[in-house]
1. Which pairs turn up if I take residues in the range 4-25 that are surrounded by 15 or more Cβ atoms within 10 Å (Cβ to Cβ) and look for partners that are part of a helix (DSSP H, G or I) and basic (K, R) with beta carbon separation below 9 Å, at least 6 apart in sequence or on another chain?
2. So L146 passes all but one of these: (1) more than 20 Å from E17 (Cα to Cα); (2) within 12 Å of the chain's Cα centre (by Cα). Which condition number does it fail?
3. What is the one condition in (1) closer than 22 Å to F62 by Cβ; (2) crowded, with 22+ Cβ neighbours inside 10 Å; (3) at pLDDT 90 or above that T158 does not satisfy?
4. Do we find that V123 is without any contact (Cβ under 8 Å) to a residue 40 or more places away in the chain and either buried (at least 20 other Cβ atoms within 10 Å of the Cβ) or not small (G, A, S) (or both) in this structure?
5. Checking the condition part of a loop (DSSP other than H, G, I, E, B) and at pLDDT below 90, which residue from P223, P255 passes?
6. Between S112, S71, S98, which is surrounded by fewer than 18 Cβ atoms within 10 Å (Cβ to Cβ) and of a type in the set (S, T, Y)?
7. Could you say whether any residue in the range 188-209 is closer than 26 Å to S103 by Cα, in contact (Cβ under 8 Å) with a residue 60 or more places away in the chain and out of contact with any Cys (no Cβ under 6 Å at 6 or more places or on another chain)?
8. Within the range 161-187, track down each residue that is of a type in the set (G, A, S), surrounded by 16 or more Cβ atoms within 10 Å (Cβ to Cβ) and without any contact (Cβ under 8 Å) to a residue 40 or more places away in the chain.
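The values are calculated or read from the model by the stated rules, or taken from the named source; none is laboratory data. Values in this document were obtained by computation on a predicted structure and should not be read as measured data. Cβ: placed from backbone, ideal geometry, glycine included. Neighbour counts: every protein chain shown.
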Amino acid sequence: MGLANFSVETAAVADVELRKLLRDPTELVSRAVQPVLWLTVFGQVMEQVRGIHSGPVSYLVFITPGILAQSVLFSAIFYGIAVIWERDLGVVHKQLVSPAYRSALVLGKALSAGFRGLVQAGVIYALALAMQVPVRHDPLAVVAVLGIVVLGSALFSTFSLIIACIVKTRERFMGVGQVLTMPLFFASSAIYPLELMPQWLRGVARFNPLTYLVDALRRLMVPGDAVAAAGWGTDIAVLAVVFGLLMVVAVRLYPSLVR
């Protein structure tokens, strides 16, 4: 009975969040601009630079999964602003006095953030098709990519919720969010291989969850034998463990948002 109630409450929270997003889809449209610029401008320019060794595939193929991971990060990391806004409107107070599980409230919000990630994935696949970037389109690989995108979105949106619970104001959150996104992005393999990093930065990248998100996406999206697909299960396991730990922290901190 408890599991059934938890599932219903999680689905209800996710449904409410999705309805709000569908009523005002301008955020989804604006978020789609960034990956377009990264692939059409940055990717094509950097493809001419021979100093970045992308292995047996072109740089555009190499960077496409990284841009998808970046889009997931940038879309999810500012999710906490909406939570702070809800707190100011009294929505969070009403949720916390309801009999719903706190974990269902947090998980529902995390899953709704996954929908934003799915939209970003659709944009990336459409761009790759328009630019004739050869990524894998077989159904199993695409389904696996979408599942990983949802997991990555849930992870970073939960991290964003934790930040919101700590800083508690939109102004502080914007500053902290800006400080965190760039190091997370550049200390990963999104736009260059780990082998090009200095040793200390490579060590930092090993503890960066975005590195594992990029690696899993790259293993599933890059065609042929250029990237061994066997290791993506390890990447998912790491992401799932990190997400579980963040969920525990977020559930404990969420009530403090209204104090």
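1. V13/K109; A14/K109; E17/K109; L21/R116
2. So the condition that L146 fails would be (1).
3. (1)
4. Details: without any contact (Cβ under 8 Å) to a residue 40 or more places away in the chain: no; either buried (at least 20 other Cβ atoms within 10 Å of the Cβ) or not small (G, A, S) (or both): yes.
So V123 does not fit the description; no.
5. Matching residue, one of P223, P255: P223.
6. Exactly one of S112, S71, S98 is surrounded by fewer than 18 Cβ atoms within 10 Å (Cβ to Cβ) and of a type in the set (S, T, Y), namely S98.
7. As a first pass, look at the range 188-209 and keep what is closer than 26 Å to S103 by Cα: 207-209.
Filter once more, keeping what is in contact (Cβ under 8 Å) with a residue 60 or more places away in the chain: none.
Within the range 188-209, none of the residues are closer than 26 Å to S103 by Cα, in contact (Cβ under 8 Å) with a residue 60 or more places away in the chain and out of contact with any Cys (no Cβ under 6 Å at 6 or more places or on another chain).
8. A187
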